[in-house]
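Undergrad: Got a structure for you, questions after.
The values are calculated or read from the model by the stated rules, or taken from the named source; none is laboratory data. Keep in mind that what you see is a predicted model, and the values were worked out from it rather than measured. Here the Cβ is made from the backbone with ideal geometry for all residues, glycine too, and neighbour counts use every protein chain on show. Each accessible area value is taken on the protein alone, full model and side chains, heavy atoms only, with ligands, DNA and RNA left out. Shrake-Rupley method; radii C 1.70, N 1.55, O 1.52, S 1.80 Å.
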Amino acid sequence: MVTNYGLDEKVYLYDIANTANSVFIPNGTTFQSLSSVLNTTYLQGLGLTAGDYYGDIVIYWPYLDDWTPGTTPVVCYSPDDLSMSTTTGFVMVNGTIQQTTVNSQAVDNGQQKAIVIAIGEHKYSDYPDFKNGVWAKGGARWANPWMNNNNLLPWDVNVDGTDTIYEARAFRFTSSGTHYDYFWNGGSEFSIVTVYVTKNGAVHRDRQYFELSRKQINELKYRDIDLTIHEDWQPQCGNVDFMLYEVDDTHIATSVIPIHLEYQGCTLNDTIMIHSSDDTIGSKSLNRSNYLHRCAVENGIYYLGAEKINCLAHIYSTPTI
């Protein structure tokens, strides 16, 4: 069910133990059989409680849709050193639990089926109430996994020299096949940050998250992202700063990134905050004229590092009020 929101193949332990309070799971009985055998008293002895969302522990099942019912997966913990290619796992054979080795490459190749117990890259408290239609929280927004064409059409890129921009948007992210995270962390969690000046001279920031599973990355899948590049990109607004990151799971500290924007020929200085451990994939300062040219003749394609973003502009020949 979590994957229905465009997230990776992970379920938080909190969702199993407290399904009725989950931000993902609409039905409180979904994990009834699992929650009935979950020893919360033991977890409390380890200092893990519902109050801290059980330490943001997740149950990660890579390549879940390739699993054949009846095949018993190996259960393992992610290793302390995430760069390790193997870890110890446990599997039920003829009614007894046996120890075995889980190899990340074997799981990636489909030779081994495994369930990994790990720490989620996002704190559970960061997630909005997805099941009730909320997609933003704490100044961040999660991308819908589907396209709302009513919000994006009609598109008109036939600029006649008297254009008036209504909005500029990114609508698709296509994976290059690059994994930015260790196997034990799952797929990749991306963050796109845009910073620009509105037509009224105010600085606007937009941070959006979306995820791709390891299988989606391997298959070079695309994700619809429906992201505002600029709400009304008039010539006086200057460039848009556009940055793509892969979110790291440590969240130890934050870094301040200086931003220099222009508005009506004047420079505006501002900053954004990111996790200092996040991987910077690529960044660009988007020029309005170049952006319109790309939308008109190059399918709005930008490359950020090896990753591809598709953009479009909604343009009117006369101003709209």
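Undergrad: What are the residues in the range 87-120 that are closer than 20 Å to V58 by Cβ and not aliphatic (A, V, I, L, M), if any?
TA: Scanning the range 87-120 gives T87, T88, G89, F90, S104, D108, Q112, K113, G120.
Undergrad: Search the range 162-188 for residues being in contact with a Pro (Cβ under 9 Å, 6 or more places away or on another chain) and part of a helix (DSSP H, G or I), and hand back the single one that is farthest from D80 (Cα to Cα).
TA: Filtering the range 162-188 for residues that are in contact with a Pro (Cβ under 9 Å, 6 or more places away or on another chain) and part of a helix (DSSP H, G or I), the one farthest from D80 (Cα to Cα) comes out as F183.
Undergrad: Could you list, in sequence order, the residues of the range 268-293 that are open to solvent by less than 60 Å² (accessible area, probe 1.4 Å), modelled with pLDDT of 70 or more, more than 17 Å from the chain's Cα centre (by Cα) and not acidic (D, E)? Reasoning before the result, please.
TA: At the first step, the residues of the range 268-293 found to be open to solvent by less than 60 Å² (accessible area, probe 1.4 Å) are 268, 270, 272, 274-275, 277-278, 281-282, 286, 288, 291-292.
Those still in the list that are modelled with pLDDT of 70 or more too: 268, 270, 281-282, 286, 288, 291-292.
Now restrict to residues that are more than 17 Å from the chain's Cα centre (by Cα): 268, 270, 286, 288, 291-292.
Within the range 268-293, L268, L286, R288, Y291, L292 meet the criteria.
Undergrad: Looking at (1) under 21 Å from the mean Cα position of the chain (by Cα); (2) at pLDDT 90 or above; (3) surrounded by 16 or more Cβ atoms within 10 Å (Cβ to Cβ), which one does Y196 not meet, given that it meets all the others?
TA: For Y196, the failing item is (1).
Undergrad: I would also like to ask the following. Among the listed residues G265, G305, which satisfies the condition of being at pLDDT 85 or above and either loosely packed, with under 13 Cβ neighbours inside 10 Å or touching a strand residue (DSSP E or B) at 6+ places or on another chain (Cβ under 6 Å) (or both)? Break it down into steps so the answer makes sense when it comes.
TA: Details: G265 fails: at pLDDT 85 or above.
Of G265, G305, the one residue that is at pLDDT 85 or above and either loosely packed, with under 13 Cβ neighbours inside 10 Å or touching a strand residue (DSSP E or B) at 6+ places or on another chain (Cβ under 6 Å) (or both) is G305.
Undergrad: Please count how many residues of the range 231-249 are in contact with a helix residue (DSSP H, G or I) (Cβ under 7 Å, 6 or more places away or on another chain) and within 18 Å of Y166 (Cβ to Cβ).
TA: 2
Undergrad: Scan the range 21-42 residue by residue and report those that are within 23 Å of D8 (Cβ to Cβ), open to solvent by less than 90 Å² (accessible area, probe 1.4 Å) and modelled with pLDDT of 75 or more.
TA: S22, V23, F24, I25, N27, listed by residue number.
Undergrad: Residues being open to solvent by less than 20 Å² (accessible area, probe 1.4 Å) and more than 19 Å from N290 (Cα to Cα): count how many of those fall in the range 215-233.
TA: Keep residues of the range 215-233 that are open to solvent by less than 20 Å² (accessible area, probe 1.4 Å), which gives 217, 223, 225, 227, 229-230, 233.
Restricting the remaining residues to those that are more than 19 Å from N290 (Cα to Cα) gives 217, 223, 225.
Of the residues in the range 215-233, 3 are open to solvent by less than 20 Å² (accessible area, probe 1.4 Å) and more than 19 Å from N290 (Cα to Cα).
Undergrad: Could you check the range 61-148 for strands (runs of 3 or more DSSP E) lying wholly inside it with 2 or more residues that are closer than 21 Å to Y12 by Cα?
TA: Numbers: elements: 74-77, 86-93, 96-103, 114-119, 140-142.
Result: 74-77, 86-93, 114-119, 140-142.
Undergrad: While we're looking at this one, here's another question. Just one of (1) within 26 Å of R214 (Cβ to Cβ); (2) without any contact (Cβ under 8 Å) to a residue 40 or more places away in the chain; (3) not polar (S, T, N, Q) trips up V74, so point out which.
TA: (2)
Undergrad: Hey, another quick one. Identify all residues within the range 70-110 that are closer than 14 Å to Y182 by Cα and surrounded by fewer than 11 Cβ atoms within 10 Å (Cβ to Cβ); write none if there are none.
TA: D80, D81, S83
Undergrad: Scan G138, G120 and give me the residue that is out of contact with any Ser or Thr (no Cβ under 8 Å at 6 or more places or on another chain), at positive phi and either open to solvent by 50 Å² or more (accessible area, probe 1.4 Å) or modelled with pLDDT under 90 (or both).
TA: Answer to the selection: G138.
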